[in-house]
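Read the figures in this text as sums done on the coordinates, not as results from a lab. All values reported here derive from a predicted model rather than from experimental measurement. Using ideal geometry, Cβ is built from the backbone for each residue, glycine included, and neighbour counts are taken over all protein chains shown.
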Amino acid sequence: MFAIEELGKMIERVQFRQPVVHAINNLVTMSDVADVLRSIGARPIMAFAAEEVSEIVSQADALVLNLGTPTPERITAMILAGRQANLLKKPVIFDPVGAKASKFRIESTKRTLSEVRMAVIKGNRAEIGGLAGQEGQLRGLDAVSGPEDLRAAAEALSRRMGAVIAISGQQDLVVQEGRAVVVENGDPLMGQVTGTGCMLTAVIAAFAAVEADAMMATVAATVCFGLAGEQAARLAKGLGSFKTALLDSLYVLTSKDIGDGARVGE
């Protein structure tokens, strides 16, 4: 679908251009997201007051909308920022964290998706299944089940929303109408550390800021994040040291590492 060399070059573009990513983020993982953006060379800004988000996103290169800790005020701010990003043609990356966990989250997700055009929607199999109107069960915020045919559900959602759909799991699946890529990079420890899903969403946003093809940006970001997870697992002694090693591995990741280590298929 595209050359591994092209995926590798994208990390160099992020490091060179240092895109500003405006993240209206899950409060639990805000510092993790800021750290991961710094690790790949991007510049984070974490503004969420409704009074300033339109102004802030106007100065950014990409926007992350993360549902993780919603309030009515934050949802309003997310929509204001998203509309402004759409107006200025800046990519918006949506992470529907726990979208099925409550009626408020379900309604907030519907409202956000109806009012903001997303370049990428990234979630776990339960979240994506729920958005696609199919099966999906969460326990806490972890996915314990999803649609029987995950690819078909993602393709249907992609057609309806006009967005790239990225599904994180043991294998990551990236889907756009007519295109699908499986990314096999990663390590099981990544699923045990709080914040890695939110961190990946932010990395996707940074890559989308420097690459107009949202599908290619999402695949490249997912490969890079997975490779860094593999390297971190070799260094870590537990979950705490794994998170530190993950940031360190992203910081030193090169295009050659990607060329040598990327594992992608259709």
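Points to keep in mind about this one:
- Using θ = phi - 60° and Karplus 6.51 cos²θ - 1.76 cosθ + 1.60, couplings along the range 26-42 (whole Hz; Gly, Pro as x): 3, 5, 5, 10, 4, 5, 4, 5, 4, 5, 5, 5, 4, 5, 9, x, 7
- For the chain, calculated [θ]222 nm from helices alone, where every DSSP H run of n ≥ 4 adds -39500 (n - 2.57): -15500 deg cm²/dmol
- Comparing Ala99, Ala156, Ala42 in a Gaussian network model of the chain where C-alpha atoms under 10 Å apart are linked, the largest mean-square fluctuation is found at Ala156.
- Calculated from the structure at hand, Rg and Dmax of the Cα atoms in Å is found among [x] 16.6, 46; [y] 21.3, 70; [z] 18.1, 57 as [x].
- Computed over the chain with a Gaussian network model linking Cα atoms closer than 10 Å, the most mobile of Ala202, Ala236, Ala85 is Ala236.
- Partner lysines whose Cα lies under 28 Å from the Cα of Lys90, excluding those fewer than 8 positions away in the same chain, are identified as Lys9, Lys100, Lys110, Lys122.
- Across the options Ile75, Gly261, Val64, the greatest Cα extent toward the positive end of the charge dipole of the chain (unit charges at beta carbon of Lys, Arg, Asp, Glu) belongs to Ile75.
- Peptides 109-117, 204-212 ranked from most to least packed by the mean count of surrounding Cβ atoms within 10 Å: 204-212, 109-117.
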